[in-house]
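Here's the structure, in structure tokens; my notes come after.
The values are calculated or read from the model by the stated rules, or taken from the named source; none is laboratory data. This structure is a prediction, so every number in the text was calculated from the model and none was measured. With ideal geometry, Cβ positions are generated from the backbone for all residues, glycine too; neighbour counts draw on all protein chains shown. For accessibility, only protein heavy atoms count, side chains too; no ligands or nucleic acids. Shrake-Rupley method; radii C 1.70, N 1.55, O 1.52, S 1.80 Å.
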Amino acid sequence: MKRLYSSLLGVCVVLLLTLTASGADTVAVTLDGAPLDIMAYISEDGRTMVPLRDLAQALGFSVAWDPQTRTAAITSGGEPEAQPSPLVVIDPGHGGSANGAVYDGVLEKELNLSIAVQAARLLEEAGLTVRMTRTGDQDVGLYDRIDLANGQGADLFVSVHCNASLTNSAAMGIYTAAASEHGDGWVLADVLRQSMMSATGAADMGTEPRPNLAVLRTAEVPAALVECGYMSTPEELALLVQPAYQEKLAQGIADGILTYLEQAG
């Protein structure tokens, strides 16, 4: 913030103090010929007195008084510089020739995209900047996905998927993963799992370290993968295809991201 004294030096050549025509002890203050609404006066010893707060405010500055130190802090009154909004990369898993899981004619890649698009919209409405690794049905390389986040210095990366189990036909619930049990990625994954469960009422399938996944292993930013439910379980597949349930999943993802960013400061 700029101090008043440096700015006053720049305007002093056009700041004109004049006595009123009546010759009274009041003083009219003009700036570039325009009168300022300041109650200045002439003291008994002949000095012209201009109230600091009035003058500062008239020139667009603000004044804060510290009674303990008897110090007036004067700062420019302009708007503070806007802080850049957090940058989030949302990755709808699969796409193009990679369908992901397929059950009863439902393609995972389509579920992933639908949920991810809705989550991105909610985050943008909350004031975040969002980049998506795909916005349509196209092929995107695994390393290209995380490179988008790494290259732009994103605040976090979330890959959106739907799950399937070949061994548990009754598996249902939210599952998340991070590269390891240590670091910000793990915190992000855990927050996402809890927020998605809260938004949907889904069961808890835990959070696991998955260092074998390229989008997590090579991430230079906090990164997590979310599995929104088990397509292999008919009861949960019936939920996953419902627009209303997808909205809940998207809300859970958005809430988790916002919570993580708030906690991370």
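Structural remarks
- Residue list for the stretch 82-117, filter: farther than 21 Å from Thr129 by Cβ, part of a loop (DSSP other than H, G, I, E, B), of a type outside the set (D, E, K, R) and open to solvent by 10 Å² or more (accessible area, probe 1.4 Å): His94, Gly96, Ser97, Asn99, Gly100, Ala101, Gly105
- The helices (runs of 4 or more DSSP H) found entirely in the stretch 125-244 that carry 2 or more residues being under 23 Å from Ser97 (Cβ atoms) are 142-151, 214-217, 234-240.
- Residue identified as farther than 20 Å from Ala116 by Cβ and in contact with a Ser or Thr (Cβ under 6 Å, 6 or more places away or on another chain) among Ser180, Ser165: Ser165
- Qualifying positions in the stretch 120-147 - surrounded by 18 or more Cβ atoms within 10 Å (Cβ to Cβ), under 22 Å from Glu220 (Cα atoms) and of a type in the set (A, V, I, L, M): Ala120, Leu123, Leu128, Val130, Met132, Val140, Ile146
Residues checked against (1) touching a Pro at 6+ places or on another chain (Cβ under 9 Å); (2) touching a residue at least 12 places away in the same chain (Cβ under 8 Å); (3) hydroxyl-bearing (Ser, Thr, Tyr):
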{"residue": "Ser198", "(1), (2), (3)": "no, yes, yes"}
{"residue": "Ala203", "(1), (2), (3)": "no, yes, no"}
{"residue": "Arg217", "(1), (2), (3)": "yes, yes, no"}
{"residue": "Glu220", "(1), (2), (3)": "no, yes, no"}
{"residue": "Met231", "(1), (2), (3)": "no, yes, no"}
{"residue": "Leu240", "(1), (2), (3)": "no, yes, no"}
{"residue": "Lys248", "(1), (2), (3)": "no, yes, no"}
{"residue": "Gly256", "(1), (2), (3)": "no, yes, no"}
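- Qualifying residue in the stretch 219-242 (condition: surrounded by fewer than 19 Cβ atoms within 10 Å (Cβ to Cβ), closer than 21 Å to Phe157 by Cβ, modelled with pLDDT of 95 or more and within 26 Å of the chain's Cα centre (by Cα)): yes
- Selection status of Asp155, of a type in the set (Asp, Glu) and touching a residue at least 24 places away in the same chain (Cβ under 8 Å): yes
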